[in-house]
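The values are calculated or read from the model by the stated rules, or taken from the named source; none is laboratory data. Because the structure is a prediction, the values reported are computed rather than measured. Here the Cβ positions follow ideal geometry from the backbone for every residue, glycine too, while neighbour counts run over all protein chains shown.
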Amino acid sequence: MQSRAKLLGHPIHPMLIVFPLGLLATAVAFDIVGLSTGDASWFGISFWMIAAGIIGGLLSAVFGLVDWWAIPSGTRAKAIGFWHGAGNVVVVLLFIASWFLRRATPQSPGYSALSLSFIAVVLALVTGWLGGELVDRLGVGVDNGANLNAPSSLSGRPATEDTRKLKRVAYGGHKPVGSKLLSLAFVPNGLLKMTDPKFVRDSFAQWNYPARFRVAVSA
Ligand code: HEM
């Protein structure tokens, strides 16, 4: 099912999550470098990376929530989305707590501050997997009918269309058969022979084809 919150035809949530995921995971990596080298400046960098990651996390969570809201109730996607979203809120809260504990002396975080970050990043591995399950397995945020030859997201045409087949429709046409006019059209489900103008009109309204293709197949 397609996403609700989109920008230029693509879901906003996956665009924004790179900020919290990248910043917060790298902050933990820098903490580890700080611990292993004894160089306190690494902790100073990770302090500000955590701050930026928290802001990115809160912002991306809003768009995730909008998309989750639109998932039909009672589906596996709704449940997985719930655990993904709730888990990520916990991840952000743990980093907020870690940041507050570091605030007084960012260059020498205590063990509780470091532990909170480490626990959060391990939890994020699980919630991240759930996010991937939502998209790759359950098709959340994927346009309905997406296919390898779907037209551009900016075209205003539905993803169900197959650009190769549409080209053939453009070349398609009419053939007189006895007293009737037979129209041929390549549509997503294959070749259709259409003789009834009403059927043609209704079918193409339903598939939302652009006008120029409707002209090519009207009986
Ligand atoms: C820091 C917070 C969050 C992070 C880091 C995050 C991360 C992710 C990741 C990695 C994906 C998979 C993206 C892909 O494979 O393309 C995803 C998808 C998704 N997430 Fe989140 N997420 C966060 C918060 C939330 C919240 C609070 C919700 C609401 C319940 C939510 C709902 C969704 C939904 C519905 C999808 C499916 C894709 C889409 O929305 O277009 N996420 N998220």
Next item on the list: May I ask you to list pairs of residues, at least six apart or on different chains, whose Cβ atoms are under 6 Å apart, with the first in the range 95-122 being closer than 15 Å to Leu23 by Cα and the second being outside any helix (DSSP H, G or I)?
Entry: none
Notebook entry, point to check: Out of curiosity, is Leu101 part of a helix (DSSP H, G or I) and closer than 19 Å to Ile12 by Cα?
Noted result: no
Note to self: Can you tell me which residue is farthest from Phe43 (Cα to Cα) among those in the range 79-95 that are buried (at least 16 other Cβ atoms within 10 Å of the Cβ) and more than 7 Å from the ligand (Cβ to nearest atom)?
What the structure shows: Ile80
Next item on the list: May I ask you to say which residue of Gly22, Gly57 is within 8 Å of the ligand (Cβ to nearest atom), farther than 30 Å from Ser155 by Cβ and not charged (D, E, K, R)?
Entry: Gly57
Next item on the list: Only residues in the range 123-147 that are farther than 23 Å from Thr160 by Cα count as the first member; pair them with residues that are near the ligand (Cβ under 8 Å from one of its atoms), Cβ under 6 angstrom, at least 6 apart or cross-chain, and list the lot.
Entry: Leu123/Val91; Ala124/Val91; Thr127/His84; Thr127/Asn88; Leu130/His84; Gly131/His84
Next item on the list: Taking Pro106 as the residue in question, decide whether it is at pLDDT 95 or above, surrounded by fewer than 21 Cβ atoms within 10 Å (Cβ to Cβ) and under 30 Å from Ser153 (Cα atoms).
Entry: no
Margin query: I'd like to verify a number: residues in the range 19-40 that are of a type in the set (Val, Ile, Thr) and touching a residue at least 12 places away in the same chain (Cβ under 8 Å), how many?
Written below: 2
